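Here the structure is laid out as structure tokens; the discussion comes afterwards.
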Amino acid sequence: MTNDDLQKIRVAAADKEDVEFELDRAELVLKEAVTEALSHGEDIEVVAEVAELPVDDVAKLAARNADPGPILPL
């Protein structure tokens, strides 16, 4: 294996990591937008259709956002 081969592998691995980061960021932005739309009273089925997500996934986001979780002592 040559140094050129190793460099190509390093570049490809870095490119893949960059794409994965952007995908994670886009997913987070989508989840935030879905959650915000639901908090504004938008219909869950409409939100799911527009977001191109299963209704069950959108319902889970809605439930997760609605549940404030346990109250922890200060």
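Selection of region 20-56 for residues being open to solvent by 70 Å² or more (accessible area, probe 1.4 Å) and among the polar types (S, T, N, Q) yields only SER39.
When region 1-14 is examined, which residues are found to be part of a helix (DSSP H, G or I) and open to solvent by 100 Å² or more (accessible area, probe 1.4 Å)?
Those that are part of a helix (DSSP H, G or I) and open to solvent by 100 Å² or more (accessible area, probe 1.4 Å): ASN3, LYS8, ARG10.
Out of curiosity, is GLU17 at pLDDT 95 or above, open to solvent by 90 Å² or more (accessible area, probe 1.4 Å) and in a helix (DSSP H, G or I)? It is true that GLU17 is at pLDDT 95 or above, open to solvent by 90 Å² or more (accessible area, probe 1.4 Å) and in a helix (DSSP H, G or I). When only residues in region 6-39 that are under 11 Å from LEU61 (Cβ atoms) and among the acidic types (Asp, Glu) count, which is nearest to the chain's Cα centre (by Cα)? Here the residue is GLU32.
The values are calculated or read from the model by the stated rules, or taken from the named source; none is laboratory data. All figures in this text were calculated on a predicted structure; none of them were measured in a lab. Neighbour counts are summed over all protein chains in view; Cβ atoms, including those assigned to glycine, are modelled from backbone coordinates with ideal geometry. Heads up: the accessible areas ignore ligands, DNA and RNA and are worked out on the full protein's heavy atoms, side chains in. Shrake-Rupley method; radii C 1.70, N 1.55, O 1.52, S 1.80 Å.
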